[in-house]
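Working notes, beginning with the structure itself.
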Amino acid sequence: MEKEDKLIELRNALRQFIAARDWRQYHTPKNLAMAMIVEAAELVEQFQWMTPEQSQTLTAEQLAAVRDEVADTLIYLVELADVLDIDLIAAAHNKMAKNAQKYPVRSEEANQRVGA
């Protein structure tokens, strides 16, 4: 199954989950954006006070907590995009193209000059 198909499958499952609980009335763009940021903050909290090295070698329990917060953040992002009728895949590709223009690949010579 293509990744885009999996994203559509997730969106459809979320629609059913939300409809079954009559939550659509609460899922305004403002509320969804705020909820997504709360979940993203909970994701950041999982790494609070870790060194960069510690953040790369998580225990199974830590990884499970991070996985849950990543999922929560994704769920709200998918729902926000659905409510606003945004094609996430197309939007991401469009933004990557803009970023490529804004941040072109530097030549090897330029990389050496800045010590990159």
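Since every read-out is calculated from the coordinates, none of them should be taken as a lab result. None of these values were measured; they are calculated from a predicted model. Cβ atoms come from the backbone with ideal geometry, glycine included; neighbour counts cover every protein chain shown.
Observations on the structure shown:
- Entirely in region 1-73, the helices (runs of 4 or more DSSP H) that have 1 or more residues that are closer than 25 Å to D87 by Cβ: 3-20, 29-45
- The listed residue being without any contact (Cβ under 8 Å) to a residue 60 or more places away in the chain, surrounded by fewer than 13 Cβ atoms within 10 Å (Cβ to Cβ) and within 17 Å of L7 (Cα to Cα), out of A100, A64, A60, A90: A90
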